[in-house]
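J.: One structure follows; several queries about it will come next.
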Amino acid sequence: MTIMDQFVLRRDGLVPKGVAATCSGDRCGGTAAVWKVKLEGRPDLTVHDTRWENGERDLVLYQPAVVPEMPAPLANLHNRRRAGVQETDAGSGELRIMGWVAVPGDRPTVKKTFTTAGFAEVCGLDALRELTSRPGVELDTAFVLADPVRVDLDEPQDTVAVQHALFFPEEDERSPVVFFLLSRVVPTLRHIGWLPKPVLRMPVRL
């Protein structure tokens, strides 16, 4: 799968994970699905989508034993800012990954709330539209709000900052990895000049 015609994502098997702390702080082993990210003329990057033995699941930019030479903001993103994957309701078959953005820097921080226009500007409007065109995949507010906010990538609102999340079917293994890349990795790749900055294309009103 080519994303934004700028990098290629491919599945690269499974690897066992030793005992480590999960997002909740529990310590257990697990198994990671390995995804390779290929950028022309750059070192490959690796994402681990780990299913832990306690039932948790998360994604992270994996740090190999030998890290190729790369700018500090990207090198320091390895093994940081994991993204958890959770079931929306027990037995629903629908999963959710939060749209928190890793803000580039020597020590990446996380920004949780954006207007939909702001979120699309950071992650790439065209890429989000391509992702949410997949069956059963939807970008929405992460939680049910007392005053609902409409998340529409055809007319992204630029008034209310909310927490966004991607909702997708349980059997869809690729969508959460793409969303993780768009929100946790791509902003840093743009920051260091490995990818161009996105152009936010707002709809033309007739």
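J.: Taking ASP152 as the residue in question, decide whether it is farther than 30 Å from GLN63 by Cβ, assigned to a loop (DSSP other than H, G, I, E, B) and either touching a residue at least 40 places away in the same chain (Cβ under 8 Å) or of a type outside the set (A, V, I, L, M) (or both).
T.: So ASP152 passes the test.
J.: Please indicate, with yes or no, whether at least one residue in region 153-174 is of a type in the set (Asp, Glu), within 29 Å of THR46 (Cβ to Cβ), over 14 Å from the mean Cα position of the chain (by Cα) and open to solvent by 50 Å² or more (accessible area, probe 1.4 Å).
T.: Yes, region 153-174 contains a residue that is of a type in the set (Asp, Glu), within 29 Å of THR46 (Cβ to Cβ), over 14 Å from the mean Cα position of the chain (by Cα) and open to solvent by 50 Å² or more (accessible area, probe 1.4 Å).
J.: Could you list, in sequence order, all residues of region 116-149 that are β-branched (Val, Ile, Thr) and in a loop (DSSP other than H, G, I, E, B)?
T.: Matches in region 116-149: VAL137, VAL144, VAL149.
J.: So which pairs qualify, if the first residue must be in region 34-55 and on the phi > 0 side of the Ramachandran plot, the second must be part of a strand (DSSP E or B) and open to solvent by less than 70 Å² (accessible area, probe 1.4 Å), the Cβ gap must be under 9 Å, and the two must be at least 6 apart or on different chains?
T.: Correct list of pairs: empty, since none qualify.
J.: Follow-up. Taking the options ALA83, ALA21, name whichever one is in contact with a strand residue (DSSP E or B) (Cβ under 6 Å, 6 or more places away or on another chain) and crowded, with 18+ Cβ neighbours inside 10 Å.
T.: The unique qualifying residue is ALA83.
J.: Give the number of residues within region 88-115 that are within 20 Å of HIS48 (Cβ to Cβ) and either in a strand (DSSP E or B) or small (Gly, Ala, Ser) (or both).
T.: 8
J.: Quick one: LEU182 ticks every box in (1) assigned to a helix (DSSP H, G or I); (2) open to solvent by 60 Å² or more (accessible area, probe 1.4 Å) bar one, so which box is it?
T.: Status for LEU182: all satisfied but (2).
Per-residue answers, yes or no, for (1) in contact with a Cys (Cβ under 7 Å, 6 or more places away or on another chain); (2) open to solvent by 70 Å² or more (accessible area, probe 1.4 Å); (3) closer than 24 Å to GLU171 by Cβ:
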{"position": "PRO16", "(1), (2), (3)": "no, yes, yes"}
{"position": "GLY25", "(1), (2), (3)": "no, no, no"}
{"position": "ARG42", "(1), (2), (3)": "no, yes, no"}
{"position": "GLN63", "(1), (2), (3)": "no, yes, no"}
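J.: Further question: Among VAL101, VAL160, which is β-branched (Val, Ile, Thr) and in contact with a Cys (Cβ under 8 Å, 6 or more places away or on another chain)?
T.: VAL101
J.: Being among the polar types (S, T, N, Q) and in contact (Cβ under 8 Å) with a residue 12 or more places away in the chain, is that true of even one residue in region 76-85?
T.: Yes, some residue in region 76-85 is among the polar types (S, T, N, Q) and in contact (Cβ under 8 Å) with a residue 12 or more places away in the chain.
The values are calculated or read from the model by the stated rules, or taken from the named source; none is laboratory data. Computed from a prediction, not measured in an experiment: that's the story for all the values here. Here the Cβ is made from the backbone with ideal geometry for all residues, glycine too, and neighbour counts use every protein chain on show. Please note that ligands, DNA and RNA were not included when accessible areas were found on the heavy atoms of the full protein model with its side chains. Shrake-Rupley method; radii C 1.70, N 1.55, O 1.52, S 1.80 Å.
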